[in-house]
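K.L.:
I'd like to ask some things about the structure below.
The values are calculated or read from the model by the stated rules, or taken from the named source; none is laboratory data. On a predicted model such as this, the values are computed, not experimentally measured, just so you know. Here the Cβ positions follow ideal geometry from the backbone for every residue, glycine too, while neighbour counts run over all protein chains shown.
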Amino acid sequence: MAQLPKGERAQVGPRLALEVFEAVRLLAEENRMSMSQYVADVMALHVDRPDLVLELNKPRHVPRRARPKKGRKRKPEKTNQQELPLAG
């Protein structure tokens, strides 16, 4: 799926200490974000520009087909196969 434009941006390439890199990687993963977007959002907050935060601490969109339908349980598919008894 194509990403929406995020506006004008400048690219930076800081060299992080390995411990910092790993901490940022884990935090981005916990927030289900790319490291790049996580760092961009943290920096926007750091310079007091919450209006520029795109993903951090915002609700995530779940595609409609991925959401379970309310009140409906999925019926098992009917097949012509018989179940084998479990070994015991």
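K.L.:
Show the residue pairs meeting these rules: Cβ distance below 8 Å; 6+ apart or different chains; first residue within the range 51-69 and of a type in the set (A, V, I, L, M, F, W, C); second residue at pLDDT 85 or above and assigned to a loop (DSSP other than H, G, I, E, B).
P.N.:
So the pair list comes out as Leu56/Asn31; Leu56/Met33.
K.L.:
Separate question: Hey, can you tell me all the residues within the range 1-38 that are part of a helix (DSSP H, G or I), within 13 Å of the chain's Cα centre (by Cα) and surrounded by 10 or more Cβ atoms within 10 Å (Cβ to Cβ)?
P.N.:
Arg25, Leu26, Leu27, Ala28, Glu29, Met35, Ser36, Gln37, Tyr38
K.L.:
Which one is surrounded by the most Cβ atoms within 10 Å (Cβ to Cβ) among residues in the range 46-61 that are part of a loop (DSSP other than H, G, I, E, B) and over 20 Å from the mean Cα position of the chain (by Cα)?
P.N.:
Selected residue: Arg49.
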